[in-house]
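Everything below concerns the one structure shown next.
The values are calculated or read from the model by the stated rules, or taken from the named source; none is laboratory data. Note that the structure is a prediction, hence the values are computed from the model and not measured. Cβ sites come from the backbone with ideal geometry, for glycine too, and all protein chains shown count toward neighbours. The area values use the complete protein model at the heavy-atom level, side chains included, leaving out ligands, DNA and RNA. Shrake-Rupley method; radii C 1.70, N 1.55, O 1.52, S 1.80 Å.
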Amino acid sequence: MHPDRRLVLALVLLAALAAPLLAQETVRDLSLPRDPAFEAAIERGSRTHEGKPGAAIWRHEIRYAIEAELDVASADVTGRVRIDFRNGSPVAVDRLPIHLRQNFQRREGRRIEKTGGVRLGKVSLARGGAAAEEIEPEVEGTLMTILLPSALGPGEALRVEIDWKHKVPLRGSPRQGRVGDELFYLGYWYPQVAVHDDIDGWVAEQYLGAGEFYMPYADYELAFTMPEGYLVQATGRLLNPEEVLPGKQRERLAAAAKSDEVVTVVGAEELESGGFTIDAPDDRLTWRFEAENVRDVAVSCGRNYVWDAVRARVPGREDVCMIHSFYRPDQEGWKRSAIAGKHAVEFGSRLYPYPWPHMSLCEGASGGGMEYPMMTTIAAGNNPRSVANVVIHEIIHMWFPMIAGSNEKRYAWMDEGMTSCLTAIAGDELFEDDRGVRGAIEGYRVMRGRMDESEPMMTHGDAYTSRGGYGIASYSKPSAVFHQLRLMIGDELFYAALRDYLEAWAYRHPRPEDFFATFSRVAGQDLDWYFRQWCHETWKLDLAIERVRVGEDRSQVLIAAKAPAIMPTEVEVTLEDGTSHRVAIDLESLLATDRIILDVEGRVAALKIDPDDRLLDVDRKNNAWKP
């Protein structure tokens, strides 16, 4: 502050400047709503008010053994899965809900290929050392339910075996697909046990295509059979490279594991000549993978893929994390995709070390991008920055929700919003500019200024009334809200809170309450008011300089909150003598009234609210004033 000037912030009766309707208001309550089910979990000891898991937190033990074969001519996948399930909860369970998400392809009125969905074969159940018995499960829509003859107590185990078959739908089906017989990407493709958590019990909802997924952690063994000449990649570690890849490709992979520069494992010229997979006597190869502590398994198969590889450096890891990129050779925008992948894994590892053996980027099987553990499918593209941004976005999903396993269907913003926020930051680092972050903030201002958003971020993913409403509340708005939070509390506290959150909730199922409480605890301040306004409500922020009166030696400024949201900020005051200083408008003042009078010593020449441009104020024009 200039030594010869003093600016006093006063909350006064407003009759001096305005009509009586602008009189002092009662302090607003912006506390967060309390969920009785969450509070009950705190009482049981599985959650805490501090945002950390309680001592009584639990998780089921699940292991899958999947054997599957793909017929490229018919596009049929024929499989058998063995599911070993041990009850890790403190209560008995009387059922086992299992998702059959491919039954989505049965639905009428969708612009997708009707494949007939899942064709179930034999389903059997065994427990307590007894022989397996064939059973008739209940199937409704995309959900199969096995009713147990007797409840499965804590610590008890059972085994389910399921034979099934389904057709891989055409490209354009949500989050997976195929291109002729050249390219197949399999996502949500096998029978999968639903989540049973400590708050809601079984969370077994129908898959409707919009809201994404809530999945339990498990271990996987996968044996996937394809014709030779197809490169196959899947979630997990490839166990038999010598049985499927020639020596030349294995040598190049070994070189890539020691290189910070991209190594071509299969080049464009080899796609013409072939020989990039082992010659099998029966023309078929079985690729074997193993994965631990993941939510899901995806598979990519292509016979016209260039294959690039490079290592990523992950702090604290002795083994190597590999980045693999598979794309058609005419996709110019993909030629630096492995470098973008390397950057994204190393960026995310600053928050929590990337835990798995590889991250694989697969081009071409669906529109946009879709994440799976260690895998992503991304649409074609010839703009390198656009491809890099989608690559970074999908890889940041390895932390949200692949490590911190939130419910994507119910709280899409927890993974999509945070991923979008960090994508902008990581992309700006890669391209050495600030286009991503500035674009996220400005994009929100433009969007909110032109549109009346009627649905809050806490809306269930299947309950939005429009696709645009889902995109705003799940991607663009929360991304901007997290940028604003980072600018408000500072980078150090923001990233410290994310590290704390990931360490506490790795391979578990956090809720919004856990996220909110973590940030308040790490930041050392109650942030309920912030999350209430931005996550639970649809309010806009519009702070305005509503009136200025310049006297001979004093000035009065009326600052108004013209929309329901409030944010602490600064006002930059410039006087006629050229001096300038700032005054803080604190949260307590804004909670008490929507009109604040600044009594300034001196003649004001210019004013600006939020001079550092940090707030999601939808009307920046009324933030500045000159005579």
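Taking Rh as the Kirkwood radius computed over C-alpha pairs, what is the Stokes-Einstein D of region 371-441 at 4 °C in a medium of viscosity 1.567 mPa s, expressed in µm² per second?
103 µm²/s
Full extension of the segment from ASP219 to SER259, taken as 0.36 nm per residue of separation minus the current Cα-Cα distance, would add 11.4 nm. Take the Cβ atoms of ASP491 and ARG385, set R0 to 25 Å, and the FRET efficiency comes out at 0.55.
Got a number for carbon plus sulfur as a percent of the chain's accessible area, 1.4 Å probe?
Details: 11930 of 24800 Å².
Using a 1.4 Å probe with all protein chains present, the chain comes out at 48 percent carbon and sulfur.
Shape summary of region 266-391, radius of gyration then Dmax from alpha carbon positions: 15.2, 47 Å. Using only Cα coordinates, the Kirkwood hydrodynamic radius of region 433-573 works out to 17.3 Å.
Label-to-label distance, GLN206 versus GLU242, with points set 7 angstrom from Cα along the beta-carbon direction: 5.2 nm. Find the centroid of the Cα atoms in region 417-484 and in region 178-213, then give the distance between the two in whole Å. Here the two parts' Cα centres lie 25 Å apart. Put a dot 7 Å past the Cα of ARG86, heading toward its Cβ, do the same for ASP428, and the two dots end up 4.7 nm apart. Once the chain is represented by equal point scatterers at the alpha-carbon sites, with solvent omitted, what log10 I(q)/I(0) does the Debye formula produce at q = 0.09 Å⁻¹? Per q value, in the given order, log10 I(q)/I(0) is -0.79.
Annotation: per residue accessible area for the chain equals 40 Å², rounded to a whole number [probe 1.4 Å, protein chains only].
Rg and Dmax, both from the Cα atoms of region 25-159 and both in Å, are 21.1, 72.
Wrap a convex hull around the Cα atoms of region 220-338, take a quarter of its surface area, and give that in square nanometres. Don't jump to the answer; show the numbers that get you there.
Details: hull surface 31.8 nm².
The number I arrive at for region 220-338 is 7.9 nm².
Measuring between their Cα centroids, region 565-592 and region 258-303 lie 60 Å from each other. Ignoring lysines fewer than eight residues from LYS167 along the same chain, the ones with Cα atoms less than 17 angstrom from its Cα are LYS114. Gain on full extension, evaluated as 0.36 nm per residue between GLU570 and ALA584 minus their Cα-Cα distance, stands at 4.6 nm.
Just flag the GluC sites (Glu not before Pro) in region 155-240 sitting in loop per DSSP whose Cβ has no more than 16 other Cβ atoms within 10 Å. Each step should come with its number before you reach the end.
Numbers: sites: GLU156, GLU161, GLU182, GLU205, GLU212, GLU221, GLU228; in loops: GLU156, GLU182, GLU205, GLU212, GLU228.
Listed in order of number, the matching sites are GLU156, GLU182.
Calculated FRET efficiency, ARG554 to ARG28, Cβ-Cβ distance, R0 = 22 Å: about 0.15 to the nearest 0.05.
For the peptides 100-106, 53-59, residues were scored by their other Cβ atoms within 10 Å and the scores averaged per peptide; the highest-first order is 100-106, 53-59.
Here the ratio of the Cα radius of gyration of region 517-627 to 2.2 N^0.38 Å is 1.16.
Per-residue 3J(HN,Hα) values for region 428-433, derived from phi via the Karplus relation 6.51 cos²θ - 1.76 cosθ + 1.60 with θ = phi - 60°, read 5, 4, 5, 9, 6, 8 Hz in sequence order (x marks Gly and Pro). Can you give the FRET efficiency to the nearest 0.05 for ARG111 and THR286, using r as the Cβ-Cβ distance and R₀ = 41 Å? Between ARG111 and THR286 the formula returns 0.70.
Show me the ranking of peptides 534-542, 298-306, 519-527 by mean Cβ neighbours inside 10 Å, starting with the highest. Could the numbers behind the result be given before it?
Working: 534-542: 19.3, 298-306: 24.6, 519-527: 17.7.
Order by mean packing, descending: 298-306, 534-542, 519-527.
Ignoring aspartates and glutamates fewer than eight residues from LYS122 along the same chain, the ones with Cα atoms less than 12 angstrom from its Cα are GLU133, GLU134, GLU136, GLU161, ASP163. Extension gain for ARG159 to ALA268 (0.36 nm times residue separation, less C-alpha to C-alpha distance): 34.7 nm. When both region 599-615 and region 59-93 are represented by their alpha-carbon centers, they are found 62 Å apart. Bridging of LYS621 to lysines at a Cα separation below 25 Å is possible for LYS477, LYS540, LYS562, LYS608, once same-chain residues fewer than 8 apart are set aside.
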